[in-house]
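The values are calculated or read from the model by the stated rules, or taken from the named source; none is laboratory data. In this text the structure is predicted, and so the values were computed from the model without any measurement. Methodologically, a virtual Cβ is constructed for each residue, glycine included, from the backbone with ideal geometry; neighbour enumeration extends over all protein chains shown.
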Amino acid sequence: MRALAIVHQPDAGPGVFAEALRSRGVELDQWLIPDGPPPAEPSGYDAVLTFGGAMHADQEADHPWLQGEKSLLAELIDRRVPLLGMCLGSQLVAEAAGTAARRASAPEIGWHEVELTPAADHDPLLAGLPRRFEAFQWHSYETPLPPGATALARSPVCLQAYRLEGPVWGIQFHAEVSAEDAEHWIDDYRSDPDAVRVGLDADSLRQRTRAAIADWNRLGRALCERFLGAISA
């Protein structure tokens with residue numbers, strides 16, 4: 001099996017998903033999309049995963065490649081290429097499926113509670129998760145439920161996971177984030193105006209993350225493995 005990881009910035013790549021994919025014998029190519037063309041035709045992969053980034057889904061003037069990615073994701077959905085989007089990637093998948101990302105009522109930065117919907121009970125990706133859990137998040141935008149999609153998880157602020165036929169999933173929380181990347185994001189939080197505006201306590205978040213990241217990474221690897229199982233089935 002061959003998978004493509006669409007990466008929007010170097011410190012927001014596939015993280016622990018890369019470990020899970022390679023442990024299952026998946027050949028993983030990474031494409032830093034702002035830097036140029038993909039290593040191969042994206043529709044030729046058995047699965048495509050698109051990850052997070054500090055930019056927002058509507059900042060096409062500053063990041064012209066965003067429009068190209070949305071068009072590509074729409075094509076992959078039409079071709080029924082298995083697809084998984086995380087955070088910004090989830091918002092871009094939703095836009096490709098016919099809805100528009102927008103600023104959320106409040107940023108979710110750090111550990112925030114997520115609750116599964118009843119539809120998640122039978123979802124091959126999320127059924128293994130607790131009904132309620134705290135998830136590592138870093139976003140200021142949200143997406144409404146795309147047309148024809150099934151809502152799988154929510155937080156008090158926004159939609160947290162959905163599924164489209166394809167199979168296609170979008171997940172707002174960072175199940176993929178590695179300990180190294182999480183530390184870097186926290187160290188660099190002043191580059192995010194929303195984190196500064198809400199008065200992020202970096203030391204507290206760092207301590208909380210160090211205590212929780214090992215369990216969180218186990219959850220992330222298991223989620224990625226279920227993605228592989230679902231698309232193989």
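See the values below:
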{"item": "Verdict on ALA101 being of a type outside the set (Val, Ile, Thr), touching a residue at least 24 places away in the same chain (Cβ under 8 Å) and either in contact with a Pro (Cβ under 6 Å, 6 or more places away or on another chain) or on the phi > 0 side of the Ramachandran plot (or both)", "result": "no"}
{"item": "Condition met for LEU228 (surrounded by 15 or more Cβ atoms within 10 Å (Cβ to Cβ), touching a strand residue (DSSP E or B) at 6+ places or on another chain (Cβ under 8 Å), in a helix (DSSP H, G or I) and of a type in the set (A, V, I, L, M, F, W, C))", "result": "yes"}
{"item": "Test for VAL157: is it buried (at least 21 other Cβ atoms within 10 Å of the Cβ), on the phi < 0 side of the Ramachandran plot, within 17 Å of the chain's Cα centre (by Cα) and of a type in the set (Val, Ile, Thr)", "result": "no"}
{"item": "Checking ALA127 against (1) closer than 29 Å to PRO10 by Cβ; (2) in a loop (DSSP other than H, G, I, E, B), the condition it does not meet", "result": "(1)"}
{"item": "Strands (runs of 3 or more DSSP E) lying entirely in segment 1-105 (those with 1 or more residues that are surrounded by 19 or more Cβ atoms within 10 Å (Cβ to Cβ) and touching a His at 6+ places or on another chain (Cβ under 9 Å))", "result": "47-50, 83-86"}
{"item": "Test result for VAL114, at pLDDT 95 or above, under 28 Å from GLU180 (Cα atoms), outside any strand (DSSP E or B) and within 16 Å of the chain's Cα centre (by Cα)", "result": "no"}
{"item": "Residue check for HIS139: under 24 Å from ASP188 (Cα atoms) and assigned to a loop (DSSP other than H, G, I, E, B)", "result": "no"}
{"item": "Single condition VAL114 does not satisfy, out of (1) over 30 Å from ALA202 (Cα atoms); (2) without any contact (Cβ under 8 Å) to a residue 60 or more places away in the chain; (3) not polar (S, T, N, Q)", "result": "(1)"}
